[in-house]
Amino acid sequence: MSTPARSSLTAAIVLMASLTGCSGGVELNRREVRGSVTMKGEPLETGTVTLFPLGNGHVASGRIENGTFLIEQAFGPIPGDYRVEITGQKSTGKMIRVEEPGAEPREVAETKSIVPGEYNERSTLALTVGEKETVVEQSFELK
């Protein structure tokens, strides 16, 4: 490819990228989602909240720390209806040996899932993200 043709192609790619945008959050009309998660009345120490679109949309997820979670706008959902999955782990107090091909064996803290399946793989929890909301606040109380 000649230099003038290569320059024209490069200019066209740069122009297309600038027209489509790369940041995603505002251009895709994403929303911030934040809130709390309790289980049996106590804050869930660690875990995740994941939103799965029931129609158009994108999967969005945020970490739970000390009973609160945040899904930042840049990674958040667009308006619509979502199925919510919540996971949480707790240390068993034991160490387990992990062996992976090509790596030295190592000891890691063993964890177990503490959130019942009715809130994750069999979840019926739902969240609607409205058109007019810029920040969605939601509390989940697990039993």
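The values are calculated or read from the model by the stated rules, or taken from the named source; none is laboratory data. Worth saying up front: this structure is predicted, and the values here are computed from it rather than measured. When we count neighbours, we look across all protein chains shown, and the Cβ atoms used for this are built from the backbone with ideal geometry, even at glycine.
For region 66-91, name all the residues that are exposed (fewer than 14 other Cβ atoms within 10 Å of the Cβ) and closer than 14 Å to Glu45 by Cβ.
Asn66, Ser91
Determine which member of the set Arg97, Arg122, Arg106 is of a type outside the set (A, V, I, L, M), surrounded by 11 or more Cβ atoms within 10 Å (Cβ to Cβ) and over 17 Å from Ser36 (Cβ atoms).
Details: Arg97 fails: surrounded by 11 or more Cβ atoms within 10 Å (Cβ to Cβ); Arg122 fails: surrounded by 11 or more Cβ atoms within 10 Å (Cβ to Cβ).
Answer to the check: Arg106.
Which residue pairs have Cβ atoms closer than 9 Å, lie 6 or more positions apart in sequence or on different chains, and pair a first residue in region 118-139 that is over 15 Å from Arg30 (Cβ atoms) with a second residue that is part of a helix (DSSP H, G or I)?
Listed pairs, sorted by first residue: Ser123/Gly117; Thr124/Glu118; Leu125/Glu118; Leu125/Tyr119.
Within region 1-97, which strands (runs of 3 or more DSSP E) (wholly inside it) include 3 or more residues that are at pLDDT 85 or above and over 16 Å from Ser139 (Cβ atoms)? It would help to see each step written out before you state the result.
Numbers: elements: 32-39, 46-53, 60-65, 68-71.
In region 1-97, 46-53, 60-65 are the strands (runs of 3 or more DSSP E) which contain 3 or more residues that are at pLDDT 85 or above and over 16 Å from Ser139 (Cβ atoms).
What pairs come up if the first residue lies in region 92-107 and is free of Cβ contacts under 8 Å to residues at least 24 places away in the same chain, the second is of a type in the set (D, E, K, R) and surrounded by 11 or more Cβ atoms within 10 Å (Cβ to Cβ), and their beta carbons are under 6 Å apart, counting only those six or more places apart or on different chains?
Thr92/Glu110; Lys94/Glu110; Ile96/Glu110; Val98/Arg106
Out of all the residues in region 101-135, which are more than 27 Å from the chain's Cα centre (by Cα) and either assigned to a loop (DSSP other than H, G, I, E, B) or under 29 Å from Glu72 (Cβ atoms) (or both)? Working first, answer last.
Pass one, region 101-135, residues more than 27 Å from the chain's Cα centre (by Cα): 101-107.
Within region 101-135, Pro101, Gly102, Ala103, Glu104, Pro105 meet the criteria.
May I ask you to say which residue of Val108, Val98 is more than 30 Å from Glu131 (Cβ to Cβ) and in contact with a Pro (Cβ under 9 Å, 6 or more places away or on another chain)?
Just one listed residue meets the conditions, Val98.
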